[in-house]
Amino acid sequence: MQDENITTAHRIAEAITERIVSGALPPDAPLRQDHIAREFNSSHVPVREAFRQLEALYLVVAAPRRGVRVAPLDAKSTKEIVEMRVALEVVALRNAAPRYTPAHLAAIELALIEADKAETIREFETANRAFHRALVMPCAMPRLLASLEGLRLANSRLVLAMARNAGWRPRSNGDHRLILQALRDRQIGHACELLTRHNQTIERLARPGGA
């Protein structure tokens, strides 16, 4: 029964994550245990565990008398997401890059190609997350990788929200190509500088007027 609850909780957490990241569940939307348990034909136990997983990723917040709600997506949270990601992803890249094999570099390039081929913002953002995940995966720092996964999901919320407001069209990601080339040239410091500037872009674009 415990294993079944864990599996159900993971399934619920994944489904709600998708809804939050896509914007189907907007910021501050309430999440009712009884409604979710009924939807997934489960008890309240896996729903509470799913909420804990989502709270650990900062996708939901729990407050007395307000219950569990989708986390905000305002200027303050955007700044926090960007600053944490800028700092932590560079730490991960510095530790990952010396461990790269040809297979690692091929995985990074494949994600870049998939982003270039994307015809929708959802396809692009899925490939974008894969690119950033592949950059840091060899760092062998599981706590750091877990933190970055949550930050990538938060970043995806920002990107998809901006696309809904401003529109999106297929494009080539020059920043990703420059980062990959620096890594192929073993210029790790330069790659970290490029990654920092790239990750800082999201906060600028999220401001009114994109300036």
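Observations
- Nearest-10 value in Å² for the accessible area of Glu83, using the 1.4 Å probe: 100
- Label-point gap, in nm, between Glu193 and Ala103 - each point 7 angstrom along Cα→Cβ: 3.3
- Candidates Gly150, Gly189, Gly67, ranked by Gaussian network fluctuation over the chain, Cα under 10 Å, top entry: Gly67
- Kirkwood Rh, angstrom, the stretch 1-91 [1 / mean 1/r, Cα pairs]: 14.0
- Sorting Ile202, Ile113 by accessible area puts them as Ile113, Ile202; the probe is 1.4 Å, largest comes first, and only protein heavy atoms count.
- At a probe radius of 1.4 angstrom, the accessible area of the stretch 74-138 per residue rounds to 50 square angstrom.
- Other residues within the sphere of radius under 15 Å centred on the Cβ of Leu194, judged by their own Cβ, net out at +2 (K and R +1, D and E -1).
- GNM flexibility winner over the chain from Thr126, Thr101, Thr196 (Cα, springs under 10 Å): Thr101
- Kirkwood hydrodynamic radius of the chain, Cα pairs, Å: 18.3
- Residue with peak Gaussian network fluctuation, the chain [Cα springs, cutoff 10 Å], from Asn95, Asn173, Asn41: Asn41
The values are calculated or read from the model by the stated rules, or taken from the named source; none is laboratory data. Just so it is clear, the model here is predicted, and its values are computed rather than measured. All Cβ positions, even for glycine, are placed from backbone atoms using ideal geometry, and neighbour counts span all protein chains on display. In case anyone asks, the SASA skips ligands and DNA or RNA and just uses the protein heavy atoms, side chains included. Shrake-Rupley method; radii C 1.70, N 1.55, O 1.52, S 1.80 Å.
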